[in-house]
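Working notes, structure below.
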Amino acid sequence: MKSLARDVCDFVEQLQRNYASDLARDARGFKKQVVTLIRRELPPRRGRPNDPRIDAALEMIQQGKSMKEILRCQIPDFQQMDTYGRYLAEKGLRTAIARRRRGSPARKHRHKRTRQNPAHLAQSDNAADLRG
């Protein structure tokens, strides 16, 4: 019977064999990259999980089905709903699909944090020294 700890040790040994030069060059950067890639592949992922109904609707759209056909398939008694209820259901589905297609705004505008330039800090210290 395998354990998680043994599997992780095997994985680390494989990384050390296959990427020895990268590890020797920048151990901290290599580890950071490995951890980032592992986090990206394992759940939980960032954000809200996908709604299977939206996934199905997107698939139906790709098959060429109209919005009304999709709504009839997904919402029981869609035809018996009043006009305003059908309007709200269609608007909600269109909004959800548009949001999924364009992606999360947070993903698009995320910036990396930058470290302060040590030379910049040294310049400010030198300026203070010059002022006396």
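Bear in mind that the values in this text are calculations on the coordinates, not laboratory data. Just so we're clear, the structure is a prediction, and the values are computed from it rather than from any experiment. Using ideal geometry, Cβ is built from the backbone for each residue, glycine included, and neighbour counts are taken over all protein chains shown.
Note on the range 1-42: dipole from Cβ charges, positive end direction compared against 5, 33, 23; the farthest Cα belongs to 33.
One quarter of the surface of the convex hull around the alpha-carbon atoms of the range 52-104 equals 3.6 nm², the direction-averaged projected area. Residue separation of residue 68 and residue 20 scaled by 0.36 nm, minus their Cα-Cα distance, works out to 11.5 nm of gained length.
Each 10 Å bin from 0 upward holds the following percent of the Cα-Cα pairs of the range 1-42: 27, 52, 20, 2.
Cβ-Cβ distance of residue 59 and residue 6, R₀ of 41 Å, FRET efficiency by 1/(1 + (r/R0)^6): the value works out to about 0.55.
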